[in-house]
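Trainee: Below you will find the structure I want to go over with you.
The values are calculated or read from the model by the stated rules, or taken from the named source; none is laboratory data. Only a predicted model underlies this, so the values are computations on that prediction, with no experimental measurement involved. When we count neighbours, we look across all protein chains shown, and the Cβ atoms used for this are built from the backbone with ideal geometry, even at glycine.
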Amino acid sequence: MIHNEEALKQLEYIELLKEIVKEKEDELKRKLTCQVTTFGCQMNARDSEKLLGILLDAGFVETEEDDADFVIYNTCTVRDNANQRVYGRLGALKSHKKKNKNMKIALCGCMTQEPSVVEKLKASYSFVDLIFGTHNIFAFAEYCVRMYSENKQIVEVWDKTDKIVEELPVARKYSFKSGINIMFGCNNFCTYCIVPYVRGRERSRRSDEIVAEIENLVKDGVVEVMLLGQNVNSYGNGLDNEVSFPELLKKVEKIEGLERIRFMTSHPKDLSDELIKVMAESKKICRHIHLPLQSGSSEVLRRMNRRYTKEHYLELVDKIRAAMPDIAITTDIIVGFPGETYEDVLETVDVIKKAQFDNAFTFIYSKRTGTPAAAMEDQVDEETVKKHFDLVLSTVQEMARTRTRRFEGREVTVLCEGINEQDDSYLDGRMSENTIVHFKGDKSLIGTLKKVKLTDFHGFYYDGEIVD
Ligand code: SAH
Ligand code: SF4
Ligand code: F3S
């Protein structure tokens, strides 16, 4: 049963879109193709599954080709290179569109929430048919209907919303695992970060709705879920009578048939002892936590508005490891934040060595217009950033190699996720700790959990053999 009025309205638009697609099919004597491309994080990827769900429901067939009848880019703007990739790809689409006069192009996601981007698209990318934002993605079907009936560029970007509209069609990328939004937006305003501006204020979904969605997914064959939010540790804030994140995890743990639970991302400032306890006692929560450090220098952390210190971060790592000795801890690091000195970078290197990260994503600081850090003095010059980045990256890589080796020779449980790209008699599986294992196996095993013995270590992944 659909509870939400807005969802009901959108389902009616999907019906209208079906009619439009059918008419076009009859005219062209073929199916209409669509392509949805994600440029951003897991949350964007989840949104893309909703976009594709609606398009498939309306009668489109999915294609990887760039000359599809409908191409939609779900964009990211967290760093400038994500934006540049979008502009580059749009250039190529323009020539495809000249050849296929039925082609429609749409842009949504975090980039379109920036007024300067919309101005640029209006002025120089008039061949883009539809532009909408993150807050009104639920109205996609409605905008598609308008796009096919109005012959002009449609721009529908909202600057906020209090609506949470679920219950629309979703086309999952994997049949056996799925992301679930537990909250939207962010209230933290780290000074370098644009996410709070493009995703709006933090809003949590009700826990009973989350649990009901997961129960439905499990009925549909899902064995692993990833609970998604910019800061899952503050889940439930602002909702009356609601549960905390550890309590939500306990509810999810009870869902029968669900085998694995992951979550992303944990902000160190809000990580509670209760969460560590619930994780340690759980049979389903994976032994992996992504805990973005950003910098090892307490002074840089202060100017980033991260609201923890180097010492507090290392204490957290100690507590987590004391409760779960084998857990994999991964992180994000930014190099080149305004005012960052070589001494600050050495502090980051020190934390990498002490925390013994299993892996880390290392990013070069990207200046985002409108954020406090963009206006800070002492932006670090490119050459210095490059030197610092190389130092951090090599430390991370060496650490990841040393850490991941600890599993060699062990028997572990993996979720069989897909056929190996290099050799189709092999499968790729994922350990609870998130490490990938390649092993001989048949595709009928995809989506099941298997015991595998880890035989050869290859730097960041293993070869293994099924043992049962
Ligand atoms: N909410 C998550 C992070 C989401 S963005 C958290 O707070 O942990 C993912 C990562 O992108 C961040 O952890 C950060 O390392 C990086 N990032 C964000 N803004 C950036 C910027 N302006 N330049 C470089 N990296 C950035
Ligand atoms: Fe950005 Fe900080 Fe929010 Fe993460 S917590 S999304 S880094 S503002
Ligand atoms: Fe990018 Fe938006 Fe995610 S800016 S990282 S896609 S929330």
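Trainee: For ARG307, which of the numbered conditions (1) within 16 Å of ligand 2 (Cβ to nearest atom); (2) surrounded by 16 or more Cβ atoms within 10 Å (Cβ to Cβ) fails to hold?
Mentor: Just one mismatch for ARG307, condition (2).
Trainee: Tally the residues that are within 16 Å of ligand 2 (Cβ to nearest atom) and surrounded by 17 or more Cβ atoms within 10 Å (Cβ to Cβ), restricting the search to the stretch 194-228.
Mentor: 12
Trainee: OK, next. For the stretch 250-266, indicate whether the set of residues that are free of Cβ contacts under 8 Å to residues at least 40 places away in the same chain, small (Gly, Ala, Ser) and within 22 Å of THR362 (Cα to Cα) is non-empty.
Mentor: Within the stretch 250-266, one or more residues are free of Cβ contacts under 8 Å to residues at least 40 places away in the same chain, small (Gly, Ala, Ser) and within 22 Å of THR362 (Cα to Cα).
Trainee: A further question follows. Mind checking whether some residue in the stretch 53-66 is buried (at least 19 other Cβ atoms within 10 Å of the Cβ) and more than 19 Å from GLU142 (Cβ to Cβ)?
Mentor: Checked the stretch 53-66: no residue is buried (at least 19 other Cβ atoms within 10 Å of the Cβ) and more than 19 Å from GLU142 (Cβ to Cβ).
Trainee: Pick from the stretch 53-83 the residues that are of a type in the set (Gly, Ala, Ser) and either within 20 Å of the chain's Cα centre (by Cα) or in a helix (DSSP H, G or I) (or both): which of them is nearest to ligand 1 (Cβ to nearest atom)? Even if it seems obvious, please write down each step before you answer.
Mentor: Taking the stretch 53-83 as the starting set, the residues that turn out to be of a type in the set (Gly, Ala, Ser) are 53, 58-59, 68, 82.
When the remaining residues are screened for being either within 20 Å of the chain's Cα centre (by Cα) or in a helix (DSSP H, G or I) (or both), the result is 53, 58, 82.
On the way: GLY53: 24, ALA58: 32, ALA82: 10 Å.
Looking at the filtered set, the residue picked out is ALA82.
Trainee: Okay, moving on. Is it true that SER432 is more than 16 Å from ligand 1 (Cβ to nearest atom), loosely packed, with under 13 Cβ neighbours inside 10 Å and touching a residue at least 12 places away in the same chain (Cβ under 8 Å)? Can you show your working first?
Mentor: On the way: more than 16 Å from ligand 1 (Cβ to nearest atom): yes; loosely packed, with under 13 Cβ neighbours inside 10 Å: no; touching a residue at least 12 places away in the same chain (Cβ under 8 Å): yes.
No: the conditions fail for SER432.
So that you can scan it fast, the table gives a plain yes or no per residue for (1) among the polar types (S, T, N, Q); (2) more than 16 Å from ligand 3 (Cβ to nearest atom); (3) farther than 29 Å from ILE446 by Cα:
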residue	(1), (2), (3)
THR331	yes, no, no
GLN356	yes, yes, yes
THR371	yes, no, yes
LYS387	no, yes, yes
THR395	yes, yes, yes
ARG406	no, yes, no
VAL412	no, yes, no
ASN420	yes, yes, no
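Trainee: Which pairs have Cβ atoms under 6 Å, sit 6 or more apart or on different chains, and link a residue in the stretch 73-101 that is closer than 27 Å to VAL335 by Cβ and within 16 Å of ligand 2 (Cβ to nearest atom) to one that is of a type in the set (Val, Ile, Thr) and part of a loop (DSSP other than H, G, I, E, B)?
Mentor: THR77/ILE194
Trainee: Of the conditions (1) more than 14 Å from ligand 1 (Cβ to nearest atom); (2) surrounded by fewer than 20 Cβ atoms within 10 Å (Cβ to Cβ); (3) modelled with pLDDT of 95 or more, GLY179 satisfies every one except a single condition; which number is it?
Mentor: Exception for GLY179: condition (2).
Trainee: If MET304 satisfies all but one of (1) over 21 Å from the mean Cα position of the chain (by Cα); (2) without any contact (Cβ under 8 Å) to a residue 60 or more places away in the chain; (3) within 16 Å of ligand 1 (Cβ to nearest atom), what's the number of the condition it fails?
Mentor: (2)
Trainee: Contact list please: Cβ distance under 8 Å, first residue in the stretch 368-390 and closer than 19 Å to ILE194 by Cα, second residue within 16 Å of ligand 3 (Cβ to nearest atom) and part of a helix (DSSP H, G or I), pairs at least six apart or on different chains.
Mentor: If the second residue must be within 16 Å of ligand 3 (Cβ to nearest atom) and part of a helix (DSSP H, G or I), the pairs left are ARG368/ASP80; ARG368/ALA374; THR369/SER116; GLY370/TYR197; THR371/TYR197.
Trainee: Report yes if some residue within the stretch 413-421 is more than 27 Å from ARG262 (Cβ to Cβ), of a type in the set (Val, Ile, Thr) and more than 16 Å from ligand 2 (Cβ to nearest atom); otherwise report no.
Mentor: Within the stretch 413-421, none of the residues are more than 27 Å from ARG262 (Cβ to Cβ), of a type in the set (Val, Ile, Thr) and more than 16 Å from ligand 2 (Cβ to nearest atom).
Trainee: Considering only residues that are surrounded by 21 or more Cβ atoms within 10 Å (Cβ to Cβ), near ligand 1 (Cβ under 10 Å from one of its atoms) and either closer than 20 Å to ASP159 by Cβ or among the aromatic types (Phe, Trp, Tyr) (or both), which ones fall in the stretch 182-193?
Mentor: CYS186, TYR192, CYS193
Trainee: List the number of the failed condition for VAL165; all other conditions in (1) in contact with a helix residue (DSSP H, G or I) (Cβ under 6 Å, 6 or more places away or on another chain); (2) modelled with pLDDT of 95 or more; (3) away from ligand 1 (no atom under 16 Å from the Cβ) hold.
Mentor: With respect to (1) in contact with a helix residue (DSSP H, G or I) (Cβ under 6 Å, 6 or more places away or on another chain); (2) modelled with pLDDT of 95 or more; (3) away from ligand 1 (no atom under 16 Å from the Cβ), VAL165 is out only on (2).
Trainee: Only one of these is farther than 30 Å from LYS354 by Cα and modelled with pLDDT of 95 or more: TYR426, TYR462. Name it.
Mentor: The conditions single out TYR426.
Residue-wise test of (1) buried (at least 18 other Cβ atoms within 10 Å of the Cβ); (2) touching an Asp or Glu at 6+ places or on another chain (Cβ under 7 Å); (3) in a helix (DSSP H, G or I).
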position	(1), (2), (3)
THR348	yes, no, yes
LYS353	no, no, yes
PHE361	no, yes, no
THR369	no, no, no
ALA374	no, no, yes
GLU377	no, no, no
LYS387	no, no, yes
ASP390	no, no, yes
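Trainee: Something else about it: Any chance the stretch 106-121 includes a residue that's buried (at least 21 other Cβ atoms within 10 Å of the Cβ) and of a type in the set (Asp, Glu)?
Mentor: Yes, there is a match, as at least one residue in the stretch 106-121 is buried (at least 21 other Cβ atoms within 10 Å of the Cβ) and of a type in the set (Asp, Glu).
Trainee: Taking the condition crowded, with 19+ Cβ neighbours inside 10 Å, within 16 Å of ligand 2 (Cβ to nearest atom) and in contact (Cβ under 8 Å) with a residue 12 or more places away in the chain, does ILE329 pass?
Mentor: no
Trainee: Give the residues of the stretch 17-39 that are surrounded by fewer than 19 Cβ atoms within 10 Å (Cβ to Cβ) and touching a Cys at 6+ places or on another chain (Cβ under 9 Å), sorted by residue number.
Mentor: ILE20
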